[in-house]
Amino acid sequence: VTAMARLLLHPHITNIQTSWVKLGADGAAEMLRSGANDLGGTLMEETISRMAGSAYGSYRSIRDLVAIAEQAGRPARQRTTLYGDVPQERIDAGLASDGHLPQLLPIL
């Protein structure tokens, strides 16, 4: 279905996202091999899918997501919400933290 969607909807819909939260790493990699071209991103405290029964967790690091793309034989590229290029300083900051938010308040 995803492969057919890529063919039939192009150029009107140019990006199809797969959900590692719902499908897990193996399922998401298979979808990338089957026509999806967007893996989504890191999530913080995702609850909707888990409440619906997803067993794949709520967080993947940047390195985890790159590994899923590599498993599928696809290149990984960070993007903005509108599929634009991400400035190098933001890519560097993301990789330095591996997708973790900085601690903003001291832990008491």
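The values are calculated or read from the model by the stated rules, or taken from the named source; none is laboratory data. Small disclaimer: the values here were computed from a predicted structure and weren't measured. Using ideal geometry, Cβ is built from the backbone for each residue, glycine included, and neighbour counts are taken over all protein chains shown. All accessible areas refer to the heavy atoms of the entire protein, side chains included, with ligands and DNA or RNA removed. Shrake-Rupley method; radii C 1.70, N 1.55, O 1.52, S 1.80 Å.
At a glance:
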item: Amide hydrogen neighbours beyond the local backbone of residue 38, cut-off 5 Å, H modeled; result: 16, 18
item: Carbon plus sulfur fraction of accessible area for the chain, probe 1.4 Å, in percent; result: 60 percent
item: Solvent exposure, largest accessible area first (probe 1.4 Å, DNA, RNA and ligands not counted), of 92, 85; result: 85, 92
item: Theoretical ellipticity at 222 nm over the chain - DSSP helices of four or more residues, -39500 (n - 2.57) apiece, nearest 500; result: -12000 deg cm²/dmol
item: Which of 47, 2 is most accessible, then next, and so on - probe 1.4 Å; result: 47, 2
item: Coil-residue chymotrypsin sites (Phe, Trp or Tyr not before Pro) of the range 25-102, DSSP, other Cβ within 10 Å capped at 11; result: 83
item: Accessible area, probe 1.4 Å, largest first, for residues 86, 1; result: 1, 86
item: Among 72, 28, 52: highest mean-square fluctuation, GNM of the chain, C-alpha pairs under 10 Å; result: 52
item: GNM result for the chain, Cα springs below 10 Å: residue of 75, 87, 11 fluctuating most strongly; result: 11
item: Net charge over other residues, Cβ less than 9 angstrom from the Cβ of residue 16 (K, R count +1; D, E count -1); result: 0
item: Prolate/oblate/rounded call for the range 22-95, Cα gyration tensor, a/c under 1.5 rounded; result: oblate
